[in-house]
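Below is one structure, written out as structure tokens; the observations come after it.
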Amino acid sequence: MYNKCGDTMDGILLLNKPIGLSSHDCVNIARRAFSTRKVGHSGTLDPEASGVLVLALNKGTRILEFLNQDDKLYEFEVCFNQTTNTLDHTGHITRETLNHSIKTEKLDEAMKSFEGTYMQTPPAFAAVKVDGKKLYEYAREGKKIPEVPPRTLTIYTFKRLSEPVFESGLVRVWFSVHGSKGLYVRKLSEDLASKLDTLAHTTAIHRVKAGKFSVDQSISLEHLKEGKAPLMSMNSALSHIPSLTASKEMVVDISHGKKLAIAQDAPLMRLIDETGALLAIYIKQDSGIYKPKKVFISGGQS
């Protein structure tokens, strides 16, 4: 499943990103550790958030679009009765409702109302682009923030991990949420507070899972810098896509980017050799006919 650093330079790297670094900072560190410029990531994680960040090296960058990691699992702390302009602890305080009571029963009831379909409007400080510009760029420049329509998301589970802790008129609670792609935890916290007739902002966010990729599989930044970074093979990273072991004749056709007749009904197929190495990704075109989407062996095409 994993290749030791140096055995191969193509694959997926799971990093437990620490607080204080941007996703791009981590890409640059991986570039230095592996002596390559071809490093990418499959989705940003805010500098003030920690947790699993999926990086790809060399040929691995070509499979980022196929990684099944749209849904995310987060653990986060919310500070109720106070909000900031960024909806997290990095912003400046804009409003307070000190000493507002947060009763456990009402909190749990409010949380349950978010499970299932959830309409969420992205926060002002978000990377969503409008007219080629990110929302947080409008906000930081003090310009009017364009209206963005709500997005339909799914909350699979929303759990409380701690009892409310009261301190100086504020209430702190830890939660976990498993949601679909595009979920902003900061905005979820604000929406939850609104149901409780109060305010809120997040004080800590930790991404536990990104699809099937878990922080438990991730390596530390220190190990990355030291070159102790095992890479997940591209084939293992794509295990959610149906696979087919190619015959010798098929390997030749694959290397030349030819279409294949495959008696399968899956939208995508993962073609591998007898050793389990990834040869190509094929996409269904017509009944029983697949065409190459990505080819990774000599003579192949991008």
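The values are calculated or read from the model by the stated rules, or taken from the named source; none is laboratory data. For clarity, every value in this text was computed on a predicted model and none was experimentally measured. Counting neighbours? That spans all protein chains shown, and the Cβs are built from the backbone with ideal geometry, glycine included.
Restricting attention to the range 69-112, report how many residues are surrounded by fewer than 17 Cβ atoms within 10 Å (Cβ to Cβ), in contact with a Leu (Cβ under 9 Å, 6 or more places away or on another chain) and part of a helix (DSSP H, G or I).
1
May I ask you to verify whether Pro230 is touching a residue at least 24 places away in the same chain (Cβ under 8 Å), surrounded by fewer than 16 Cβ atoms within 10 Å (Cβ to Cβ) and either within 24 Å of Asp273 (Cα to Cα) or not acidic (Asp, Glu) (or both)?
When the stated conditions are applied, Pro230 does not pass them.
I'd like to verify a number: residues in the range 191-214 that are in contact with a strand residue (DSSP E or B) (Cβ under 9 Å, 6 or more places away or on another chain), surrounded by fewer than 21 Cβ atoms within 10 Å (Cβ to Cβ) and farther than 18 Å from Trp174 by Cβ, how many?
Number satisfying all stated conditions: 3.
Can you pull out every residue in the range 181-216 that is outside the structural domain of Leu107 (by TED's automatic domain parsing) and either in contact with a Pro (Cβ under 7 Å, 6 or more places away or on another chain) or free of Cβ contacts under 8 Å to residues at least 40 places away in the same chain (or both)?
Asp216
Can you tell me which residue in the range 249-282 is nearest to Lys59 (Cα to Cα), limited to those that are more than 33 Å from the chain's Cα centre (by Cα) and small (Gly, Ala, Ser)?
Looking at residues that are more than 33 Å from the chain's Cα centre (by Cα) and small (Gly, Ala, Ser), I get Ala261.
Say whether the condition of being on the phi > 0 side of the Ramachandran plot, out of contact with any Cys (no Cβ under 9 Å at 6 or more places or on another chain) and not in a strand (DSSP E or B) is met by at least one residue in the range 183-196.
Looking through the range 183-196, none of the residues is on the phi > 0 side of the Ramachandran plot, out of contact with any Cys (no Cβ under 9 Å at 6 or more places or on another chain) and not in a strand (DSSP E or B).
Results for (1) hydroxyl-bearing (Ser, Thr, Tyr); (2) closer than 24 Å to Pro230 by Cβ, shown as yes or no for each residue.
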residue: Asp10; (1), (2): no, yes
residue: Asp46; (1), (2): no, no
residue: Ala56; (1), (2): no, yes
residue: Tyr74; (1), (2): yes, no
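Just to verify a result, which residue in the range 203-250, among those that are of a type in the set (Lys, Arg) and in a loop (DSSP other than H, G, I, E, B), is modelled with the highest pLDDT?
Here the residue is Lys212.
With the requirement that a residue be closer than 17 Å to Lys17 by Cα and either of a type in the set (Asp, Glu) or more than 10 Å from the chain's Cα centre (by Cα) (or both), what does the range 52-70 give you?
Leu55, Ala56, Leu57
So Arg270 ticks every box in (1) farther than 29 Å from Gly43 by Cβ; (2) touching a Pro at 6+ places or on another chain (Cβ under 8 Å); (3) basic (Lys, Arg) but one. Which box is left unticked?
Unmet for Arg270, out of (1) farther than 29 Å from Gly43 by Cβ; (2) touching a Pro at 6+ places or on another chain (Cβ under 8 Å); (3) basic (Lys, Arg): (1).
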